[in-house]
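**Q** I am attaching a structure below and will ask some questions about it afterwards.
We did not get these values from a lab; they are worked out from the coordinates using the rules stated. Predicted, not measured: the structure shown is a model, and the values here were computed from it. For neighbour counting, all protein chains shown are included, and Cβ atoms are generated from backbone atoms with ideal geometry for every residue, glycine included.
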Amino acid sequence: MRVDINFGKGSLPVELSDDWQVTVVRKPQMPIEADGAFAVKRALQSPVGCAPFRELARGCSNVCILICDITRPVPNGVILPVLIKELIAAGVEAKAITVLIATGLHRPNEGDELAKLVGDPWVLETVNVVNHFAARDDDHVLVGTTNSGTVVRLDRRFVNADLKIATGLVEPHFFAGYSGGRKVIAPGVAHAETITTLHNAHFLEHPKTANCVLEGNQLHAEQLEIVSMVGDAYAVNTVIDEHRQISFVNFGEIIVSHLDAVSVIRRFAEIPILEQFPTVVTSCAGYPLDQTYYQTVKGMVGPLDILSPGGSLIVASECSEGLGSPQYVEAQRRLISQGADVFLEQLKCKTHAAIDEWQTEMLLKPMQRGDVQLYAPGLSNEEGELTGVRMIESVDQAVRESIRKSNDTRVAIVPEGPYVVPFVRPNNAPSVNRR
């Protein structure tokens, strides 16, 4: 049999013997909005926990709309034109509308990439579209300090807006539980000091800092506290299927509407599985997430619950842009030279993480679980040596070798990577409440 897994801007075929016991882990079939723009407009008119959109917009002289950066396949080309036209219809001048790209500490999105991200040339021609730069002190304003001591500085263009709107994709996230909502604000448009605090080991090593977990997740709680400092903020939340089609969209008060969207996606993204497997094959969801090894770590963490201890985790990711930022490359060098134990102990002493080293920290989880193997044709040999995992030239061959090694023909395939999170749940086990 053949199973196609998400890879780059297309797919990668994985050939499997009909004699093997293959389990393909996919979302159940999701409902699809036939007209995405109409669905967004309907959501604005029937909000969750707040007044209708035009009522909120009326009288506003300064509006800021946050969008995620290029690493998230948010349907901005559908959402933004509707939002902006509704704002203009409510009396807001186009020049008073700013679309702010919530880059966090990622690189800016510019040129052709910016056009692709925004998805509609009319938006670029009509309103101000700008990137967030976390290291620019003057771009940020102090909004307070959390109870745990996080100094919160956020982009002043968002903080000072009369109407604050976050847009985003709600999907499993390997330490925020679920993406979107509050996460688009912090770390999305936070100062580097705030971001590096939120990514320290105090938060990331907590057992509840995990995929699909909100209740008890200290990072999630910290993000909610930051949102409360901002004042009134709203969100357009989207849920998409495996083919990037809009399945669900809502609008409303940022916390309530985000939880509403989470309640929808968790029915499709959290997949109960009866057993663990000695061989697990997955992806990093394809483009745009699999452009770097940095983002590929999410694909490695996603299926860990169904990987037998010591089993083979085989990951396919194009990595067309290489490893990631220079800071991430440096963190990987330290991991290789120091070893996992020393690297982790040093992190535990820090109040502020070094930029992007948190992804190396999360890489330790799959490395400790089993034999991680990576098919990444975009990486050079030198870059491959810095991954900390075993590089392979063929997914098919790696699967065959794993079956020979384990003498077990059970194989799990997760084509959509980190957008689907399987959990072992035997038939007689009670349902797990991850909220």
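**Q** Calculate the length of the line joining the C-alpha centroid of segment 219-254 to that of segment 394-412, in whole Å.
**A** One Cα centre to the other: 40 Å.
**Q** Before rounding to the nearest 500, sum -39500 (n - 2.57) across all DSSP H runs of length at least 4 in the chain and divide by the residue total; then give [θ] at 222 nm in deg cm²/dmol.
**A** My calculation for the chain gives -9500 deg cm²/dmol from helical runs alone.
**Q** Please get the size of the charge dipole for the chain, origin at its Cα centre, with Cβ charges of +1 on Lys and Arg and -1 on Asp and Glu, quoted in debye to the nearest 20.
**A** It works out to roughly 860 debye.
**Q** Classify segment 151-286 from the C-alpha gyration tensor, please: rounded if a/c falls under 1.5, else prolate or oblate depending on whether a/b exceeds b/c.
**A** It is oblate, given that a/c is not under 1.5 and a/b is not larger than b/c.
**Q** Also: Apply 1/(1 + (r/R0)^6) to the Cβ-Cβ distance of Gln346 and Ala89, taking R0 = 51 Å, and write down the FRET efficiency to the nearest 0.05.
**A** Computed FRET efficiency for Gln346 and Ala89: 0.40.
**Q** Pull out the extension gain between Gln245 and Met367, defined as 0.36 nm times the separation in residues minus the alpha carbon to alpha carbon distance; nm, one decimal.
**A** Additional length available on full extension: 40.6 nm.
**Q** In what sequence, highest mean first, do 384-396, 207-219 appear when ranked by Cβ atoms within 10 angstrom?
**A** The densest-packed peptide leads the list: 207-219, 384-396.
**Q** Between Arg333 and Gln21, what length comes free when the chain is fully extended (0.36 nm per residue of separation minus the Cα-Cα distance, one decimal in nm)?
**A** Between Arg333 and Gln21, full extension yields 108.5 nm more.
**Q** Grab the Cα-Cα distance for Lys405 and Asp138, subtract it from 0.36 nm times how many residues apart they are, and report the gain in nm with one decimal.
**A** My answer for the length gained is 90.4 nm.
**Q** Right, something else. For the chain, give the share of DSSP beta bridges that are antiparallel, in percent and rounded to the nearest 5; count only bridges with both residues there.
**A** Counting DSSP beta bridges with both partners in the chain, the antiparallel share is about 30 percent.
**Q** How far apart, in nanometres, would the label points at Ser320 and Arg156 be if each is projected 7 angstrom from Cα along the Cα-to-Cβ direction?
**A** 3.8
**Q** If you don't mind, another one. Kindly identify segment 333-435 as rounded, prolate or oblate by the Cα gyration tensor criterion: order the square roots of the eigenvalues as a ≥ b ≥ c, call it rounded if a/c is under 1.5, otherwise compare a/b with b/c, prolate if a/b is larger, else oblate.
**A** Because a/c hits 1.5 or more and a/b fails to exceed b/c, segment 333-435 counts as oblate.
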